[in-house]
Amino acid sequence: MASTRAAIRYAKAILDLANSKGVAEAVNNDMESIASTIDANAELSTFIQNPTTKVEVKEKALLEVFANVNGVTQGLFHLLYENKRFEILDAIAVEYSKLFDESNGVEVAQVTTAIPMDAALEAIVLAKIATLSDKKITIENIVDASIIGGFILRIGDKQYNASIANRLQVLKRELSN
């Protein structure tokens with residue numbers, strides 16, 4: 001998708017600028033705030049995506065909503081104003097956070113479970129993941145009742161499927177042969 005490529009390019013440029021100014025972590029906090037605010041607020045998301053709203057209005061509104069952001073982030077708003085690309089702001093924020101984590105040796109482990117993980121289970125999973133990877137790991141829990149039980153662990157391009165649904169599928173294949 002073209003907007004994803006564009007979002008990655010913007011995110012890389014902003015990360016380079018933020019690193020050169022020594023404010024990459026502050027900008028990352030801004031980007032996480034922007035992404036969560038847009039995801040949580042349907043009105044704001046619709047406003048940003050609306051092609052009939054003038055870009056000047058979008059820039060002023062975003063500068064008011066995110067008044068406490070870093071100067072680099074404000075510069076991103078102005079750049080999006082100049083290029084009329086506000087619709088990819090959410091994607092830029094997400095991509096920036098990914099690139100920031102990657103540059104700091106942080107890897108996201110996606111753990112899919114049938115029910116939400118509690119703190120004790122999360123600690124066990126983190127301990128197990130620490131033996132598999134030398135990077136700092138953050139856990140993203142995805143709840144999917146269709147796996148019935150167990151878990152599916154994804155770290156980068158590796159996947160370990162210990163779900164009940166997968167075990168049943170394997171058993172079904174073995175019995176049908």
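The values are calculated or read from the model by the stated rules, or taken from the named source; none is laboratory data. What you are looking at is a predicted structure, and each value in this text was computed from that prediction instead of being measured. As a convention, Cβ positions derive from the backbone with ideal geometry for all residues, glycine included, and neighbour counts pool all protein chains shown.
What's the number of the condition ALA13 fails, among (1) closer than 16 Å to ALA67 by Cα; (2) in contact with a helix residue (DSSP H, G or I) (Cβ under 9 Å, 6 or more places away or on another chain); (3) not charged (D, E, K, R)?
If we test ALA13 against (1) closer than 16 Å to ALA67 by Cα; (2) in contact with a helix residue (DSSP H, G or I) (Cβ under 9 Å, 6 or more places away or on another chain); (3) not charged (D, E, K, R), just (1) comes out false.
Quick one: count up the residues across the range 43-70 that are closer than 15 Å to ALA91 by Cα and out of contact with any helix residue (DSSP H, G or I) (no Cβ under 9 Å at 6 or more places or on another chain).
So the count comes out to 1.
Could you tell me whether any residue of the range 19-27 is within 26 Å of GLY156 (Cα to Cα), at pLDDT 95 or above and more than 18 Å from the chain's Cα centre (by Cα)?
Yes - at least one qualifying residue is present in the range 19-27.
Evaluate the range 93-113: report whether one residue or more is in contact with a helix residue (DSSP H, G or I) (Cβ under 6 Å, 6 or more places away or on another chain) and on the phi > 0 side of the Ramachandran plot.
Within the range 93-113 (the criterion being in contact with a helix residue (DSSP H, G or I) (Cβ under 6 Å, 6 or more places away or on another chain) and on the phi > 0 side of the Ramachandran plot), the answer is no, since none of the residues qualifies.
Do you know which residues across the range 140-149 are crowded, with 16+ Cβ neighbours inside 10 Å and in contact with a helix residue (DSSP H, G or I) (Cβ under 6 Å, 6 or more places away or on another chain)?
Within the range 140-149, just ILE147 meets the criteria.
Only one residue in PHE86, PHE47, PHE66 is in contact with a Lys or Arg (Cβ under 6 Å, 6 or more places away or on another chain) and either without any contact (Cβ under 8 Å) to a residue 40 or more places away in the chain or under 22 Å from THR4 (Cβ atoms) (or both). Which one?
PHE86
Under the condition of being free of Cβ contacts under 8 Å to residues at least 12 places away in the same chain and of a type outside the set (A, V, I, L, M), which residue from the range 101-135 is surrounded by the fewest Cβ atoms within 10 Å (Cβ to Cβ)?
THR131
Within the range 58-66, does at least one residue satisfy the condition of being of a type in the set (Val, Ile, Thr), out of contact with any Ser or Thr (no Cβ under 9 Å at 6 or more places or on another chain) and closer than 26 Å to ALA18 by Cα?
No: the range 58-66 contains no residue that is of a type in the set (Val, Ile, Thr), out of contact with any Ser or Thr (no Cβ under 9 Å at 6 or more places or on another chain) and closer than 26 Å to ALA18 by Cα.
Residue by residue through the range 26-56, note down the ones that are in a helix (DSSP H, G or I) and exposed (fewer than 13 other Cβ atoms within 10 Å of the Cβ).
Selection gives SER36, ALA40, ALA42, GLU43, THR46, GLU56.
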